[in-house]
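Below you'll find the structure, written out as structure tokens, and then a few comments.
The values are calculated or read from the model by the stated rules, or taken from the named source; none is laboratory data. These figures come from a predicted structure and were not determined experimentally. We place every Cβ from the backbone using ideal geometry, glycine too, and count neighbours over all the protein chains shown. We work out accessible area using only protein heavy atoms, side chains counted, and drop any ligands, DNA or RNA first. Shrake-Rupley method; radii C 1.70, N 1.55, O 1.52, S 1.80 Å.
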Amino acid sequence: MTDRPPLLIIGGGIGGLAAALALAREGLAVELFESAPAFSEIGAGIQLGPNAFRMFEVLGLTEEIERYAWHPGHLVMKDAVTGEQVLRIAVGSPAFRQRFAGYPYAVIHRGDLHRVLLEACRRESRARLHTGRKFAGFEEHADGVSARFEDGASVGGSALIGADGLWSKTRAQLLGEAAPRVSGHIAYRAVLPRDQVPADLWRDDVVLWAGPRTHLVHYPLRRGKLFNLVAVFHSDRYEEGWDVYGDPEELRRKFHGERPEVTRLLERIETWRMWVLCDRDPVRLWSRGRATLLGDAAHPTLQYMAQGANMAIEDAVVLAACLRHTAADFARAFRWYEDQRYLRTARVQMTSRFYGDIYHAAGVVRELRNQLLAPKPGNPGFEGMAWLYDGITLPTRECLPP
Ligand SMILES: Cc1cc2nc3c(=O)[nH]c(=O)nc-3n(C[C@H](O)[C@H](O)[C@H](O)COP(=O)(O)OP(=O)(O)OC[C@H]3O[C@@H](n4cnc5c(N)ncnc54)[C@H](O)[C@@H]3O)c2cc1C
């Protein structure tokens, strides 16, 4: 299949690189175009469910991912006002692994995950990767596509995959939609070296402190060398902001009155990076002819289920399987791919919004949350997430629609 023009992938984030790898492994020539001058990911953590590890197995990356992964003992939710433990799921237990077909729960530095994908792509002779190439738009013609870049150049290909994230240009052209929905929630992120975390505040778990209109998540990274912090709060600042510096004073105000474990951790950090969190309502169709979308470009979600990147990796593997079984009939493969993906990713988008409300509950709703989520004897709490962590079955030729 390598003698046909390459598949063009726009965006070299986790989704774009996973797609380049999965497609090259299918024998397809791919060319990926990233607008940044160099491939990189921000210095923060990412949680990986058993569903992502199922995909790493397909991509042959499990061993490399495990080299950098940290396996937390538990996912813990605490009430940031009273300090009571609301929820504790033993994701590091043998029972958890057994329940999810042997696949683990892990956290990883984004840079490490991105590098594993990048290096795997670089080992594929069919994958060509470019940086400093800002996509501007594309045209489709009878037997291919032509992508235009801001430097004035055009590149021809068989088909085009927009993996260009939340503010996707590809999506704007395909679906003609307005800007993403600003949620009114802001995230501040920081990473601390282990020796800067007070010993009594260090936890091996993923811990979420749920407060009124706020929450703080922390967990170790890089096999315990680093400590990842994400502080989220409601705000009426609606301007677009992405990876800019945050104001520690604003954070102190928003988390005022919460448990000392929370406020002491926030005080350790001088430099925060700020994200204005956005998503979109789910859509049923995100492909047209020889063009499709993947990852945040297709189904941007709030991060409250920690699944946006997990979904992008699943997208990549499903897309490759669809192309395998349609002999690279791109329009047909893309329709089949979005059909396989839209309800699952829609569920993540909608449930993530709901989780945000649960995390940030106040007053009686907060008390009700704590009561409803309280551990039930004999119930390890695995089944609530089974629809997600059980992962996906890859499409086979037998279920190819006519
Ligand atoms: C605070 C926070 C915490 C999160 N935690 C988790 C988590 O624990 N687990 C999880 O699974 N997900 C998490 N997510 C979500 C996750 O980060 C995203 O879903 C994921 O990174 C999406 O990957 P992507 O490749 O689709 O998009 P992106 O990572 O946005 O990559 C898009 C790429 O396209 C490039 N690009 C953009 N425009 C152009 C253009 N015109 N031309 C060329 N290139 C272009 C960009 O430079 C970028 O490299 C979190 C998100 C946030 C904000």
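Computed extension length for residue 139-residue 347: 71.7 nm, one decimal, from 0.36 nm per residue of separation with the Cα-Cα distance subtracted. When DSSP beta bridges are limited to those with both residues in the chain, what percentage is antiparallel, rounded to the nearest 5? Antiparallel bridges: around 70 percent, rounded to the nearest 5. Centre-to-centre separation between the Cα atoms of the stretch 193-228 and those of the stretch 3-57: 29 Å.
Per-residue extension of 0.36 nm, minus the Cα-Cα distance of residue 122 and residue 252, leaves a gain of 42.4 nm for this segment. Think of it as helices only: each DSSP H run of n ≥ 4 in the chain is worth -39500 (n - 2.57), and spread over all residues that comes to -10000 deg cm²/dmol at 222 nm.
Summarising the amide proton neighbourhood of residue 137: residues at separation of 5 or more, or on other chains, whose placed amide H is nearer than 5 Å comprise 148. Taking Lys and Arg as +1 and Asp and Glu as -1, the other residues whose beta-carbon sits under 12 Å from that of residue 87 total +1. For the listed peptides 128-135, 183-190, 316-323, a ranking on the average number of other beta carbons within 10 Å per residue, highest first, reads 316-323, 183-190, 128-135.
Our estimate of slack between residue 178 and residue 93, defined as 0.36 nm per intervening residue step minus the Cα-Cα distance, is 26.1 nm. Taking a straight Cα-Cα cut-off under 18 Å and skipping sequence neighbours fewer than 8 places away in the same chain, the lysines within cross-link reach of residue 254 are 78. Taking the chain as a Gaussian network of alpha-carbon nodes connected by springs under 10 Å, the highest mean-square fluctuation of the residues 30, 86, 348 belongs to 86. For residue 101, the shell of other residues with beta-carbons less than 12 Å away shows a net charge of +1, using +1 for Lys and Arg and -1 for Asp and Glu. Put a dot 7 Å past the Cα of residue 362, heading toward its Cβ, do the same for residue 400, and the two dots end up 5.6 nm apart.
Of 175, 226, 216, the residue with the greatest mean-square motion in the GNM of the chain, using alpha carbon springs below 10 Å, is 175. Each of 355, 103, 219, 245 has its accessible area taken with a 1.4 Å probe; listed largest first, they run 245, 355, 103, 219. For the chain, taking the reciprocal of the average inverse distance between every pair of different Cα atoms yields a Kirkwood hydrodynamic radius of 21.8 Å. Binning all Cα-Cα separations of the stretch 1-54 at 10 Å, short to long from zero, yields these whole-percent fractions: 21, 43, 30, 7. Membrane-span-like helices in the chain (whole DSSP H runs, Cα extent of at least 15 Å along the helix axis, mean Kyte-Doolittle hydropathy of at least 1.0): 14-25.
Using a probe of 1.4 Å, the accessible surface attributed to residue 223 totals some 140 Å² when neighbouring protein chains are kept in position. Ranked by the mean number of other Cβ atoms within 10 Å per residue, highest first, peptides 96-102, 151-157, 111-117 order as 111-117, 96-102, 151-157. The packing ranking, built from the mean of other Cβ atoms within 10 Å per residue, places the peptides 373-383, 357-367, 71-81 in the order 71-81, 357-367, 373-383, highest first.
Between residue 271 and residue 146, the simple spin-label model (points 7 angstrom out along Cα→Cβ) gives 4.5 nm. Principal axis extents of the Cα atoms in the stretch 16-134, from largest to smallest and rounded to whole angstrom, are 52, 32, 18. Here's how it looks for residue 166: its modeled amide H is under 5 Å from none belonging to a residue 5 or more places away or on a different chain. Accessible area per residue (1.4 Å probe, heavy atoms of protein chains only) ranks 54, 397, 88 as 397, 88, 54, with the largest value leading. Over the stretch 278-356, one equal point on each Cα, no solvent: what is log10 I(q)/I(0) by the Debye formula at q = 0.15, 0.19, 0.22, 0.23 Å⁻¹? Here the Debye-derived log intensity ratios amount to -0.48, -0.72, -0.91, -0.98.
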